[in-house]
Amino acid sequence: MARKTPKRPSAGGELSIIGGDWRSRKLRFPDAGGVRPTPARTRETLFNWLSFHLAGSHCLDLFAGSGALGLEALSRGASTAVFVDHTPALAQALRSNLRLLNSESGEVACQSIDSFLGKSPARPFDIVFMDPPFRQGWLEKLFPMIADNQWVKPGSWIYVEHESGLPMPTAPQGWNLLKQKTAGQVAYCLLRVEGF
């Protein structure tokens, strides 16, 4: 009877940039923190929505994980991106991938989202990406923190992913829902800040 070869533990995942200067570049990230990168088809839709707003923008990628959204934004002309993730292995991989891409436009903050958003930024961001872990009530908590601490301004864009079976939490006053789609168990939408 032949012995079965034990399965090797997953070494992580691979992310492919789908547009812009780094199109088709493949990047590795570790299997840590329950990462589930935004699928390529969803990213394509999102960046089509944002295509006229990316050039020169300052982006914030919360729950960055693999960095799929912030890296795609930089590839397509964003000026800067700040990646926030509390998992050290993912933060280190993001720094390594930015070096691999010869990019000095990305900054990685390895800390909890709560502590990062608990203060006001030096300046508001033009685009905020939020793809939090599901079923943990993150959006209800984060929407007011982002609005109250002035992480966005009138004219900013906010991208959100959440469970498709649940309604999106009520957005702060002045945040208007402009686009919304569903892909399997994930609903994704784009909001614009019109005022406070």
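Only the coordinates and a few stated rules stand behind these numbers; no lab work does. These numbers come from a predicted model, not from an experiment. Counting neighbours? That spans all protein chains shown, and the Cβs are built from the backbone with ideal geometry, glycine included.
Structure values in brief
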| item | result |
| --- | --- |
| FRET efficiency for Ser96 and Gln180, using Cβ-Cβ distance with R0 set to 41 Å, rounded to 0.05 | 0.75 |
| Environment charge at Met145 (Cβ cut-off 12 Å; Lys +1, Arg +1, Asp -1, Glu -1) | -1 |
| Of Ser164, Ser57, Ser75, the one that fluctuates the most in a GNM where the chain has Cα springs shorter than 10 Å | Ser164 |
| Gaussian network model of the chain, Cα within-10 Å springs - most flexible of Arg76, Arg95, Arg23 | Arg23 |
| Paramagnetic reach from Leu166 (point 7 Å along Cα→Cβ, amide N under 20 Å) across the range 24-67 | 33-39, 62-65 |
| Neighbourhood charge, 10 Å Cβ-Cβ cut-off, centred on Ile17 and excluding it, Lys, Arg +1 and Asp, Glu -1 | +3 |
| Among (i) 41, 17, 14; (ii) 28, 20, 17; (iii) 54, 15, 14, the entry derived from the coordinates for semi-axes √(5λ) of the Cα gyration tensor in Å | (ii) |
| Total charge dipole magnitude, the range 13-193, about the Cα centre, Cβ charges on Lys, Arg, Asp, Glu only, Debye to nearest 20 | 300 debye |
| Extension gain, Ser115 back to Ser51 (0.36 nm per residue minus Cα-Cα distance, nm) | 19.9 nm |
| Residue of Ser24, Ser115, Ser79 that the Gaussian network model of the chain assigns the largest fluctuation, springs spanning Cα pairs under 10 Å | Ser115 |
| Which of Met145, Met130 has the fewest Cβ neighbours within 10 Å, and the rest in rising order | Met145, Met130 |
